[in-house]
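The values are calculated or read from the model by the stated rules, or taken from the named source; none is laboratory data. The structure presented is a predicted model; accordingly, all values stated were derived computationally and were not measured. All Cβ positions, even for glycine, are placed from backbone atoms using ideal geometry, and neighbour counts span all protein chains on display. For accessibility, only protein heavy atoms count, side chains too; no ligands or nucleic acids. Shrake-Rupley method; radii C 1.70, N 1.55, O 1.52, S 1.80 Å.
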Protein chains: 2
Amino acid sequence: MSRNPPENTGPAETELRQAIELLFYAYRDFIAEPDAMLAHHNLGRAHHRTIYFIGRYPHITVNELLDILKITKQSLNRVLGQLLNEGYVIQTTSAQDRRRRLMELTEKGRGLERQLTENQRIRIARAYKDAGPDAVAGFRKIMLGVITDDKDRHRFDPPKTV
Amino acid sequence: MSRNPPENTGPAETELRQAIELLFYAYRDFIAEPDAMLAHHNLGRAHHRTIYFIGRYPHITVNELLDILKITKQSLNRVLGQLLNEGYVIQTTSAQDRRRRLMELTEKGRGLERQLTENQRIRIARAYKDAGPDAVAGFRKIMLGVITDDKDRHRFDPPKTV
DNA sequence: CCATTTATATCAATAATACTGACATATATT
DNA sequence: AATATATGTCAGTATTATTGATATAAATGG
């Protein structure tokens, strides 16, 4: 019987620490500029996330949003209430199930979303272009590995056409 | 004169959106378990970040921490005050410049840091192992591309030996 | 040596994001 | 008709962050 190859002990401590820090720094820098812009509109980061995902999944319901954002209904309600009040988002009632509120962005909402996300797009586009397609594939693999899998798959489907 | 190759128009819209979402989901899931653990100690995410970077850079000063965390002095002070009070961190005064407070973790602080970060290490280790070394290299490249460069380089140096 | 800068700390007021828990209403399902 | 689901809302609280003002000690520059 042949001996097994040496155990793969996994990534070294330094490598793990670096990854943790990369995530921290990337996230920190990723939200800095949108946060600053949001402040001018008297909105916060939570509004950005909400607007983003409503734009991403037009006709999304409250429960679907809650599932993505992983916050409580009460928290979302405050944010959503403001966005509705200030005309960034409109609700319609589902014809199939009249309990459901289908959310979508107004023109104003789409405008703000575009503004807010533009800086993030530029960052990603630059990083992708500089690093090349192989790096992009690796990045995706690792990120997907870090994310907790969940059964209800609403993620990474191609955006619905509006 | 030969014609130039077609312009690289950069990553497609769908690709950019996916990257934004990968960052959101990864960060969301990355902090979920540490947050839950912190709650048992009546501490929050800010304490984790602070403990982490003090562990990472023993003898770090207040200003250096502020520069990493990008929060205000007043915010950090509350967090740091609690950590000192509760014996997770100790301060010593720099001999070279007696205005400077050098922070390091106590045994208790190291214990908590290990506990909090363990889940994150496991996530990274699994993702790295599953995706392989090329993916890791790609991941690093992209993440570094996303991070805002800054002149004062305290990042990604090998940890100082304690 | 004196003026200025740097490093840290602290007080007060406020905002944003989130939480738990309770309760209400409309609609759908069984 | 009873129950479950989807949403909304009220009340109270915690955490993380902000701005702005002020204080103190120690280092540095002229």
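Tell me the distances, shortest first, between B:Asp130 and the same position across the other copies, using label points 7 Å along Cα→Cβ, in nm to one decimal.
2.8
What percent do you get for the relative contact order of chain A when only Cα pairs under 8 Å and 6+ apart count?
After rounding, I find 21 percent.
Compute the projected area of the convex hull of the Cα atoms of the protein assembly as shown, averaged over all viewing directions, and report it in nm² to one decimal place.
It is 25.7 nm².
In a GNM of chain B with a 10 Å cut-off on Cα contacts, which of B:Gly44, B:Gly81, B:Gly138 has the highest mean-square fluctuation?
Taking springs between Cα atoms under 10 Å, the residue moving most is B:Gly138.
What does segment B:23-94 give for Rg and for Dmax, in Å, if only its C-alpha atoms count?
In order Rg, Dmax, the Cα atoms of segment B:23-94 give 12.8, 41 Å.
Rounded to the nearest 100 Å², what's the accessible area chains A and B bury against each other, both chains counted, probe 1.4 Å?
Counting both chains, the buried surface is close to 6200 Å².
Taking a label point 7 Å from Cα toward Cβ, how far is A:Gly111 from its twins in the other copies, in nm, shortest first?
Label point to label point, same position, other copies: 5.8 nm.
I'm checking a number: the convex hull volume of the Cα atoms of segment B:14-146, normalised per residue, in Å³. What is it?
It is 141 Å³ per residue.
At a probe radius of 1.4 Å, what is the per-residue accessible area of A:Glu86, in Å² to the nearest 10?
My reading of the accessible area for A:Glu86 is about 70 Å².
Report, as an integer, the average count of C-beta atoms from other chains found within 10 Å of each Cβ along A:97-105.
0
Give me the compactness ratio for segment A:72-133, meaning the Cα radius of gyration over 2.2 N^0.38 Å.
With N residues counted in segment A:72-133, Rg over 2.2 N^0.38 Å equals 1.57.
How crowded by other chains is B:116-122, given as the mean number of beta carbons from other chains within 10 Å of each beta carbon?
Averaged over the peptide's residues, the number is 3.
Please count, across chain A, the pairs of lysine residues with Cα atoms under 28 Å apart that sit 8 or more places apart or on different chains.
Lysine pairs satisfying the spacing and distance rule in chain A number 13.
A:Ser75 to A:Arg114: extension gain in nm, 0.36 nm per residue of separation minus the Cα-Cα distance?
That pair, A:Ser75 and A:Arg114, stretches by 11.7 nm at full extension.
Report, as an integer, the average count of C-beta atoms from other chains found within 10 Å of each Cβ along A:126-134.
6
List the distances, in nm and shortest first, from the label point of A:Ser75 to the matching label points in every other copy, placing each point 7 Å from Cα along the Cα-to-Cβ direction.
Sorted ascending, the copy-to-copy spacings read 1.6 nm.
Chain A: which residue's Cβ hugs the A-to-B rotation axis most tightly, distance rounded to whole Å?
Its Cβ sits closest to the axis: A:Gly138, 1.
Would you mind working out the accessible area per residue for chain B, using a 1.4 Å probe, and quoting it in Å²?
56
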